[in-house]
Amino acid sequence: MEFRIWRYDPERDAKPRMESHQIETARGMMLRDALLEIKRRDESFAFRHSCGEGVCGSDAVNVNGRNRLACITPLAELKAPVVVRPLPGRPVIRDLVVDMSRFYRQYEAVEPWLQRKDPDPEKEILQSPEERARLDGLWECILCGCCSTSCPSFWWNPDKFLGPQALLAAWRFLADSRDQAQEARLDALDGPYRLFRCHTIMNCVDACPKHLNPTRAIGHIRELMLKKSV
Ligand code: FES
């Protein structure tokens, strides 16, 4: 199977190039296995990976035009030549490794932790099964960045628009019955960019390897804002 891999070392190369590799594939092989084979051939090839199970989120790359996790992308699903590029819209550190600092800063900006006004109870804060169920489809995010880096609004305004991942996280806490900072959270999302730069293009939904739906979460936040303002 032919692989075309994006190679670029900003310290050495004048410009990026695509490098071609023929790799013998076997049943059950994932894209990460092919990238590891390329790494065996050329130690200077850089890409991130860790768990190999779709859990850590570190090996997100752009494959044939779509953002995916290499470790859970079966080669059998891909059309040859398999074109692998770094996640779009992020500065490249080397080859497939991109700088995700801005993405993490946007996540941090939504204060993704429980905030309480009441003093902490002695034991746990109870939730009904229904309240807990509202968090399903939200807590599973692994911060791989596939969604935000597939979003044109995030490419164009990465410093102002929070992006689908951060907004999914914002809704995860707005929807949590134990959180008591709803008003402050909504105030922080107000304005033309942070939330409202979402144009419901929905690339994020297509890209999420966990099948989460940031566009729906953004819609819920908008509804809540509307309710608060009337
Ligand atoms: Fe951890 Fe793929 S290596 S998600």
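Brief remarks follow.
- Pair list, Cβ < 9 Å and 6+ apart or interchain, from the stretch 33-53 residues that are more than 19 Å from residue 9 (Cα to Cα) and assigned by TED's automatic domain parsing to the domain that holds residue 22 to residues that are among the polar types (S, T, N, Q) and in a helix (DSSP H, G or I): none
- Test: residue in the stretch 23-39 that is hydrophobic (A, V, I, L, M, F, W, C) and touching a Cys at 6+ places or on another chain (Cβ under 6 Å): yes
Condition check ((1) of a type in the set (D, E, K, R); (2) in contact with a strand residue (DSSP E or B) (Cβ under 7 Å, 6 or more places away or on another chain)) across all residues:
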| position | (1), (2) |
| --- | --- |
| 4 | yes, yes |
| 21 | no, yes |
| 29 | no, no |
| 32 | yes, no |
| 38 | no, yes |
| 50 | no, no |
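- Of all the criteria given as (1) surrounded by 16 or more Cβ atoms within 10 Å (Cβ to Cβ); (2) of a type in the set (Val, Ile, Thr); (3) without any contact (Cβ under 8 Å) to a residue 12 or more places away in the chain, the one not satisfied by residue 230 is (1).
- In the stretch 34-75, residue nearest to the ligand (Cβ to nearest atom) [restricted to those that are of a type in the set (Asp, Glu) and surrounded by fewer than 18 Cβ atoms within 10 Å (Cβ to Cβ)]: 53
- Residue 184 being out of contact with any helix residue (DSSP H, G or I) (no Cβ under 9 Å at 6 or more places or on another chain) and either modelled with pLDDT of 95 or more or surrounded by 15 or more Cβ atoms within 10 Å (Cβ to Cβ) (or both): yes
- Filter pass, residue 28 being out of contact with any Lys or Arg (no Cβ under 8 Å at 6 or more places or on another chain) and part of a loop (DSSP other than H, G, I, E, B): yes
The values are calculated or read from the model by the stated rules, or taken from the named source; none is laboratory data. Computed from a prediction, not measured in an experiment: that's the story for all the values here. All Cβ positions, glycine included, derive from the backbone under ideal geometry; neighbour counts span all protein chains shown.
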